[in-house]
1. What distance in nm lies between label points placed 7 Å from Cα along the C-beta direction at residue A:71 and residue A:50?
2. Just check the range B:29-110 against the gyration tensor rule for me: Cα atoms, a ≥ b ≥ c as the square roots of the eigenvalues, rounded for a/c under 1.5, and otherwise prolate or oblate depending on whether a/b exceeds b/c.
3. So, for the range A:3-103, what is the accessible surface per residue at a probe of 1.4 Å, expressed in square angstrom?
4. Starting from the Cα-Cα distance between residue B:288 and residue B:99, subtract it from 0.36 nm times their residue separation and give me the gain in nm to one decimal.
5. Rounded to the nearest 5, what is the percent of antiparallel bridges among the DSSP beta bridges in the protein assembly as shown?
6. Report, in whole Å, the centroid distance computed from the Cα atoms of the range B:211-228 and the range B:259-307.
7. Relative contact order for chain B using alpha-carbon pairs under 8 Å, separation at least 6, rounded to a whole percent?
8. Classify the range A:3-103 as rounded, prolate or oblate from the Cα gyration tensor: take a ≥ b ≥ c as the square roots of its eigenvalues, call it rounded if a/c is under 1.5, otherwise prolate when a/b beats b/c and oblate if not.
Amino acid sequence: MRPERNPAIVWRLEKKIYDEAWEAARNDEEDFDDKGVLTLMLKGGIHQLNLVGAEIWTRVDGQRDDAAIAAEMAELFGWEPEETVEAVRAFLEGIASRGWITLS
Amino acid sequence: MTLTHLASPVTVNWGITARCNFVCSHCFSRLDQAPELSTEDALRVIDILAEHSVMFLNYGTGEPLLRKDLFELTAHATGKGLKVTMNSNGSLIDEAAADRIRDAGFHGVGISIDSADPATHDAFRRMPGSFDKAVRAARLLRERGVPLSISSVICKINHTGFPELVTLALELGAHTIDLHNFKCSGMGGLNKDQLDLSPEEWKAFYERAVPMRETVHDIEIAFDDPILSLLGAEDKAALVAGSVCGKLSLYVKPDGEVTPCGFIPVTIGHILKDDFGQMWESSPVLDHLRHKSATGKCSGCSKFSACLGGCTARALAVYGSYEAPDPHCWVEEGKG
Ligand code: SF4
Ligand code: SF4
């Protein structure tokens, strides 16, 4: 499946917090994924994604499909490729159900 | 889990002009006629906001269309990636202006309509014919595909008749109707006794209005009131507790002075003279708003962690204290 962002969403990367989260991830700190590193707004509602969510979100470009995103995520975080595909799919389906992306 | 604030404001409300062709009964800005920034300085303001990744720039205060360089500023802001919106009384939006608004790439325009009854709206806005002009502006914008919201200030004139306003907003093709709560700042302070509701009236209003979000479709009914926590109706995805000013948003006055919001007349610096990032991160005033302590009936109230004592602007205007319980709150001492 090929995810595409809802064009009505306005978002930004929280650069400083993103860098801090990566620093924590590299140091194997358990709470690296607790920080909101990407802020997005839809219909007046405001939400944040953690580092993993943000890395997936920034790869949702209407070009990459779920397998391509998962492959990049596996490499980025050093994860098992098969498990990563499942996790990425579940994440994409979750945000699709919230109307943040469409899946074709 | 809520945050105290984000790394920089999501929204900056900018009074790009203090001038207005109306003198509305509730307006917070009519009594503060600050001089406005030159075009050159205004362009610098936009650069600063863009450098700090501000997402939304909303022109409020005064009538933005009175500024001759409005479209030049907007083109600069949209070119920098800002989503630009404005609030207008609609009176200056004819076909040509609506074309320019569409072409400028506004992310949305809010038109003020406070009653579905033209005479009531005109009396509140103290301008005969203003209802018809606002409705015309809304239609012209929608005909051109400009995203439209209707902005209404809830007070004595409309707290029972708001469903008709929602119907009108739907009919005009608005995606959202913002039902703003009345603030007793500026003209609103002078006319408080005639316009503000009692805590019981606020309760009755919200008890009718909040459920409409579930029953009325095709339009978003938006409130910006932290005391909605009292009805368990606060935004479940809220990133910050209490009101958003100084946590997700800031206000820039026409002369460049920065305040937490338009209704809190406490300056934290000047956008062109002070470091914006430092102001946001280290202002003692913002720190106070982000870390309020419970006083009076808020002490022991189970809603405090979500409500933070409600609207600070109202508390400050009525009791002269950031910390005082919101004067609109209907909780009885010891029962929250
Ligand atoms: S509320 Fe708006 S339209 Fe009315 S006087 Fe104030 S700035 Fe002008
Ligand atoms: S008593 Fe204070 S904390 Fe509780 S709902 Fe009222 S304003 Fe909010």
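The values are calculated or read from the model by the stated rules, or taken from the named source; none is laboratory data. Only a predicted model underlies this, so the values are computations on that prediction, with no experimental measurement involved. Neighbour counts run over all protein chains shown; Cβ positions are idealised from the backbone, glycine included. All accessible areas refer to the heavy atoms of the entire protein, side chains included, with ligands and DNA or RNA removed. Shrake-Rupley method; radii C 1.70, N 1.55, O 1.52, S 1.80 Å.
1. It is 2.7 nm.
2. Since a/c reaches 1.5 but b/c is at least a/b, the shape of the range B:29-110 is classed as oblate.
3. Ligands and nucleic acids excluded, the figure is 53 Å² per residue.
4. That pair, residue B:288 and residue B:99, stretches by 63.7 nm at full extension.
5. 35
6. 26
7. After rounding, I find 19 percent.
8. oblate
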